[in-house]
Amino acid sequence: MRSHQQGSTINLNFFVSAKKIRAEDHSVYNIHEDLSTELMPQSRKKAINSAAQKGFTLLEIIVVITIIAVLAAYIAPKVAGRADDARISKVKNDIQVLESALELYRLDNFTYPNSDQGLQALVSNPGDLKNWKAGGYIKKLRKDPWGFEYHYSLPGREGSEFDLYSFGADNSEGGEGSNADIGNWNLDA
């Protein structure tokens with residue numbers, strides 16, 4: 001027990017003398033600081049070390065930006081094509097939902113809405129229908145993914161009772177890819 005007390009006294013004397021010298025020589029003060037960090041708890045050491053490393057070097061930033069640019073150049077073209085596929089898929093889905101609503105309308109009213117009444121007849125009663133479902137057949141008419149109205153015509157020109165379609169991204173008849181017309185006559189294509 002006696003040797004342990006002597007060690008404590010020596011350490012204490014060293015720190016007291018280091019503090020006295022500190023006023024005269026700053027390099028000795030730094031030695032005192034280094035020795036004292038060795039004796040402090042681990043969490044305090046981490047706090048001091050993290051405070052010393054506050055930023056990134058220019059080289060590290062350039063490397064990260066380069067990696068991000070390479071990944072973006074590789075992934076962006078693949079993702080961009082998927083957006084058009086998703087829009088086309090949504091149009092096909094919307095047309096199927098509208099077709100189902102039109103079939104329910106016909107079952108209740110024994111006819112489809114005429115071209116003048118259009119798809120709005122699925123949302124609000126055109127005025128003279130006794131069997132029209134209260135609340136409508138759909139909540140509201142939505143636009144296609146490109147922001148244009150869906151088109152409806154009765155009778156259908158493609159061999160069906162009615163035509164329900166979107167002109168695609170260009171909102172004009174014809175086209176290819178995302179500009180192609182999508183209607184109830186080509187949902188399987």
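Between GLU99 and ALA76, what length comes free when the chain is fully extended (0.36 nm per residue of separation minus the Cα-Cα distance, one decimal in nm)?
4.8 nm
Mind running the shape call on the stretch 83-183? Use the C-alpha gyration tensor, a ≥ b ≥ c as the square roots of the eigenvalues: rounded below 1.5 for a/c, prolate if a/b tops b/c, oblate otherwise.
It is prolate, given that a/c is not under 1.5 and a/b is the larger ratio.
Can you pull the one-decimal nm distance between simple spin-label points at LYS139 and ILE65, each 7 Å off the Cα toward Cβ?
4.6 nm
Throughout, read-outs are computed from the coordinates displayed, never taken from laboratory work. What you are looking at is a predicted structure, and each value in this text was computed from that prediction instead of being measured. Note that we place each Cβ from the backbone using ideal geometry, even for glycine, and neighbour counts take in every protein chain shown.
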